[in-house]
Amino acid sequence: MADAPTIVWFRDDLRVADHPALSAAVERGAPVLCVFVLDEESPGIRPLGGASRWWLHGSIEALRGELEALGGRLVLRRGPAGRVIRSLVEEAGAGAVFWNRRYGGPEREVDTELKAALTEGGVDVRSFAANLLFEPWTIRTQQGAPYSVFTPYWRACVAAPEPRHPLPAPGAIEATGPDVASDELASWHLLPTRPDWADGLGETWTPGAAAAHERLETFLDERVGDYADDRDRPAVDATSRLSPHLRWGEISPFEVWHALRERRVHGDGASRFRAELGWREFAWHVLFHAPELATRNWRAEFDAFPWPRLHPAALVAWQRGRTGVPIVDAGMRELWRTGSMHNRVRMVTASFLTKNLLIDWRLGEQWFWDTLVDADAASNPFNWQWVAGSGADAAPYFRVFNPLLQASKFDPDGRYVRRWVPELETEEYPAPIVDLGESREAALAAYRKVRSSS
Ligand code: FAD
């Protein structure tokens, strides 16, 4: 069986360097069959949003190029992943299936079931740690429980053994023969047509590992020193913009961690940036222990929150950037146009939706899920619940952002807002769709109901 091919199943790790499953497959010595499965059918797997589909198309093209340059080949298949991989094992006569682990609930179910079935059939199944620096179950409180507060969690991570060094890309891949058929990428229709709304995404982003590494280098060369001071200013290009690349694993957190280390960047910028990588880890830690994070309040007492009946017009005004609150409209338009939004503005727009419009955080989370290129099964719901007050280590509900004060503090010369809401200077800009003071009071009154019921 040792010369029976090895299947490497790519998922959230669309890269060839620091890919332990691929490296182990090459080392095993038999021909390697690389596969990506578009799984929209396994129970509980969340369908990708529109912006993520756009990204995935580009990312697969990039990965295919990288694999081919090494002599490999990427096979594309669509369907429930467990069934697809089992059938590929048959077709290719594979003796081994390797993958890097994933941490979402439904995804783990698929993987566990598949591993059991294949192992029973004599296939060598191996999984590897590649997408998180600290796997969720490895960091525990002294009582053996998961963490629910970031600061002690991150302290425990930093005290744990240093994340391993990244692996180099394999020198060459011996591919299996061409007899295993692949779908055409175009047949998946990942790119939008009628209308093609993705112009702004294409102008802003280049999916793929090469672009990810370029972004990392630029960040380390030019920005990390001022990161701590400027990271909250949406008009300044101060952050790494690595999030969609990390989401799809075009770059690994080990590569980022050690690149930062090797530059010997010290001071606030580097440690602040490392801690942001820590928030990504923490979001996955929380999701691992609460797999329904996108649909259920992490703090159960929030189930008593009296969300008023939805006014769909208010939700649409928020989505389209027509609320009459400049920084909120700027953020929502940036999101629609570029598939991204600055972190500070994500917090402001999310607070406005949940606390001024009193719209359930889940509706905001879904909109971001559909429109963000970095939409992430852990970070998105985690951060929404953080802003809404229902989440782990969340901002207290009574801390309602005042969007006007936020704008004057973090966009003091109005550069960011004017970029996305140019009519502020030329035409009459509408009044806010809600009174900020009154809606704040209404939110606090609703919150008191949660507290009195807990
Ligand atoms: P940098 O400031 O350069 O940070 C480096 C990396 O650290 C990021 O690429 C990201 O991987 C991670 N990171 C930074 N902040 C956070 C955070 N608060 N939570 C988790 N990871 C973080 N981030 C996502 O990757 N996907 C999402 O779906 C997502 N949804 C969000 C929803 C809301 C309501 C809010 C408030 C934040 C959300 N974030 C999400 C977190 C954050 O806004 C983005 O990670 C960040 O803006 C990405 O820009 P950057 O890569 O330049 O970040």
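The values are calculated or read from the model by the stated rules, or taken from the named source; none is laboratory data. Worth saying up front: this structure is predicted, and the values here are computed from it rather than measured. Every residue, glycine as well, gets a Cβ built from its backbone with ideal geometry; the counts of neighbours run over all protein chains shown.
General remarks:
- When GLU292 is tested against (1) in contact with a Gly (Cβ under 8 Å, 6 or more places away or on another chain); (2) surrounded by 17 or more Cβ atoms within 10 Å (Cβ to Cβ), only condition (2) is not met.
- Test: residue in segment 384-400 that is part of a loop (DSSP other than H, G, I, E, B), near the ligand (Cβ under 9 Å from one of its atoms), among the hydrophobic types (A, V, I, L, M, F, W, C) and at pLDDT 95 or above: no
- Scanning segment 140-166 for residues that are among the hydrophobic types (A, V, I, L, M, F, W, C) and either crowded, with 19+ Cβ neighbours inside 10 Å or in contact with a strand residue (DSSP E or B) (Cβ under 9 Å, 6 or more places away or on another chain) (or both) gives PHE150, TRP154, CYS157.
- Enumeration of residues in segment 298-342 that are part of a helix (DSSP H, G or I) and among the basic types (Lys, Arg): ARG320, ARG333, ARG337
- Test for ASP413: is it within 16 Å of the ligand (Cβ to nearest atom) and at negative phi: no
- Residues of segment 202-252 that are within 25 Å of GLY50 (Cα to Cα), assigned to a helix (DSSP H, G or I) and near the ligand (Cβ under 9 Å from one of its atoms): ARG215, SER243, PRO244, HIS245, LEU246, ARG247.
- A single member of PRO432, PRO412 is farther than 30 Å from GLY104 by Cβ, outside any helix (DSSP H, G or I) and in contact (Cβ under 8 Å) with a residue 60 or more places away in the chain, and it is PRO432.
- Selection from segment 343-374 of residues that are in a loop (DSSP other than H, G, I, E, B), within 11 Å of the ligand (Cβ to nearest atom) and surrounded by fewer than 24 Cβ atoms within 10 Å (Cβ to Cβ): ASP374
- Scope segment 244-276; condition hydroxyl-bearing (Ser, Thr, Tyr) and either crowded, with 19+ Cβ neighbours inside 10 Å or in contact with a His (Cβ under 7 Å, 6 or more places away or on another chain) (or both); matching residues: SER252
- Enumeration of residues in segment 185-214 that are within 16 Å of TRP257 (Cα to Cα) and either surrounded by fewer than 17 Cβ atoms within 10 Å (Cβ to Cβ) or acidic (Asp, Glu) (or both): GLU214
- Residue match in segment 291-309 (condition: closer than 27 Å to ARG164 by Cβ and in contact with a Lys or Arg (Cβ under 9 Å, 6 or more places away or on another chain)): yes
- Just one residue in the set PRO312, PRO308, PRO326 is of a type outside the set (Val, Ile, Thr) and under 25 Å from LEU201 (Cα atoms); that residue is PRO326.
- Residue within segment 149-158 that is assigned to a loop (DSSP other than H, G, I, E, B), farther than 25 Å from GLU27 by Cβ and under 21 Å from the mean Cα position of the chain (by Cα) present: yes
Residue-wise test of (1) of a type in the set (Phe, Trp, Tyr); (2) touching a Leu at 6+ places or on another chain (Cβ under 8 Å); (3) surrounded by fewer than 23 Cβ atoms within 10 Å (Cβ to Cβ).
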position: ALA17; (1), (2), (3): no, yes, yes
position: VAL32; (1), (2), (3): no, yes, no
position: GLY50; (1), (2), (3): no, no, yes
position: SER59; (1), (2), (3): no, yes, no
position: GLY71; (1), (2), (3): no, no, yes
position: GLU91; (1), (2), (3): no, no, yes
position: ALA96; (1), (2), (3): no, no, yes
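- Qualifying positions in segment 395-420 - aliphatic (A, V, I, L, M), surrounded by fewer than 20 Cβ atoms within 10 Å (Cβ to Cβ) and closer than 27 Å to ARG299 by Cα: ALA395
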